[in-house]
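The values are calculated or read from the model by the stated rules, or taken from the named source; none is laboratory data. As the structure is a computational prediction, the values presented were derived from the model and not from experiment. Heads up, the Cβs are rebuilt from the backbone with ideal geometry, glycines too, and the neighbour counts pull from every protein chain shown.
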Ligand code: NI
Ligand code: MN
């Protein structure tokens, strides 16, 4: 099996290559994403696209990426229903607490504390509740992608129940938790590594990986700080 590789496309958009060689795209936002490198704004090859919630900064390029790649889209029921109305057939809707097998991976949808609506044709469309994902990889390790969320107590339960090794957590503050709450989340989840996301895209997202590092590195948790376009293995 290969090593898990993680490429950050800026904001909350990530492309992962799993140990079994599957390509997972999270929260696709490319063309208007100020931190996505110019050379990476084209829809990437993907087997599965996971969408945490309906905000534009997490799915403005979802329809394009799903069409171009033919990937299976995994998201909340209401969001998948909207995609179906856009003509996308390859969707696997789910809801919180449920799991499903997609491309040889076990995907569990978790809670997230946030909101979820998409502006389409000048209207705010309800996209179901926001969510996070726990993914059990081919080597049986698990990762947790929190989506946009506040800190919440059930992160403790996610940690105890799924024992993720890596957490993808928002740290920008204002619209999600900031570094201090993300540090607390790392402890509740019991992760060894954390990938900070949803920071640096706009001036109002003030949280930085440096602040997170200062809080978690003394506790033996590694912060995987990526630059947009950069890949870590
Ligand atoms: Ni959001
Ligand atoms: Mn967001």
Pairs, first farther than 21 Å from residue 57 by Cα in region 190-214, second in a loop (DSSP other than H, G, I, E, B) and within 13 Å of ligand 2 (Cβ to nearest atom), C-beta under 8 Å, six or more apart:
211/171; 212/171
Unmet requirement for residue 186, which otherwise passes all of (1) closer than 24 Å to residue 28 by Cβ; (2) away from ligand 1 (no atom under 15 Å from the Cβ); (3) touching a residue at least 24 places away in the same chain (Cβ under 8 Å):
(1)
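With respect to residue 187, determine if the residue is farther than 24 Å from residue 18 by Cα and either at pLDDT 95 or above or assigned to a helix (DSSP H, G or I) (or both).
Criteria met by residue 187.
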For region 1-58 the number of residues that are free of Cβ contacts under 8 Å to residues at least 12 places away in the same chain and either touching a strand residue (DSSP E or B) at 6+ places or on another chain (Cβ under 6 Å) or more than 20 Å from residue 198 (Cβ to Cβ) (or both) is 1
Identify, from the list 124, 177, the residue that is free of Cβ contacts under 8 Å to residues at least 40 places away in the same chain, within 16 Å of ligand 2 (Cβ to nearest atom) and surrounded by fewer than 14 Cβ atoms within 10 Å (Cβ to Cβ).
124
Test set (1) within 14 Å of ligand 2 (Cβ to nearest atom); (2) surrounded by fewer than 20 Cβ atoms within 10 Å (Cβ to Cβ); (3) within 25 Å of residue 1 (Cβ to Cβ) - residue 201 fails condition number
(3)
Which of the residues belonging to region 91-121 are touching a residue at least 40 places away in the same chain (Cβ under 8 Å), in contact with a helix residue (DSSP H, G or I) (Cβ under 9 Å, 6 or more places away or on another chain) and away from ligand 2 (no atom under 16 Å from the Cβ)?
108, 110, 111
Which listed residue is loosely packed, with under 15 Cβ neighbours inside 10 Å, at pLDDT 95 or above and closer than 20 Å to residue 13 by Cα, from 135, 119, 107
119
Going through region 24-51 in order, the residues found to be outside any loop (DSSP other than H, G, I, E, B) and either within 20 Å of residue 89 (Cβ to Cβ) or within 16 Å of ligand 1 (Cβ to nearest atom) (or both) are 24, 25, 26, 48, 49, 50
Of the conditions (1) away from ligand 1 (no atom under 16 Å from the Cβ); (2) outside any strand (DSSP E or B); (3) at pLDDT 95 or above, residue 2 clears all except one; give me its number.
(3)
Only one residue in 75, 112 is under 18 Å from residue 161 (Cβ atoms) and within 16 Å of ligand 1 (Cβ to nearest atom). Which one?
112
